[in-house]
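Presented below is the structure to which this report refers.
Please treat every number below as a calculation from the coordinates, not as lab data. Just so it is clear, the model here is predicted, and its values are computed rather than measured. Cβ sites come from the backbone with ideal geometry, for glycine too, and all protein chains shown count toward neighbours.
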Amino acid sequence: MKYKIAIYHDDEGFSVCVPALPGCWSEGDTEAEAMANIQDAIREYLAALDDRFKNADLRELEVTV
């Protein structure tokens, strides 16, 4: 899957968030490290969602933007 991310840079390094996944943030000293870390954060976020909705009838819905 592809997710849009927002990257922030300051003197301490890089922060990255995924607007489509509220609360999904990560950081790194370099942009490459932050990108690798956000990939891990996305995987963990989605795994937590799977656990949360394991008893629900999940479906996919396509939305044209």
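Each row is one residue, and each column tells you yes or no for (1) among the hydroxyl-bearing types (Ser, Thr, Tyr); (2) touching a residue at least 24 places away in the same chain (Cβ under 8 Å); (3) on the phi > 0 side of the Ramachandran plot.
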| position | (1), (2), (3) |
| --- | --- |
| Lys4 | no, no, no |
| Asp10 | no, no, no |
| Phe14 | no, no, no |
| Val18 | no, yes, no |
| Ser26 | yes, no, no |
| Thr30 | yes, no, no |
| Ala34 | no, yes, no |
| Leu49 | no, no, no |
| Arg52 | no, no, no |
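Looking at (1) under 16 Å from Ile7 (Cβ atoms); (2) surrounded by 12 or more Cβ atoms within 10 Å (Cβ to Cβ); (3) not β-branched (Val, Ile, Thr), can you tell me which one Tyr45 breaks?
Status for Tyr45: all satisfied but (1).
Applying the selection to the stretch 9-65, what residues are assigned to a strand (DSSP E or B), acidic (Asp, Glu) and under 12 Å from the mean Cα position of the chain (by Cα)?
Passing the criteria: only Glu27.
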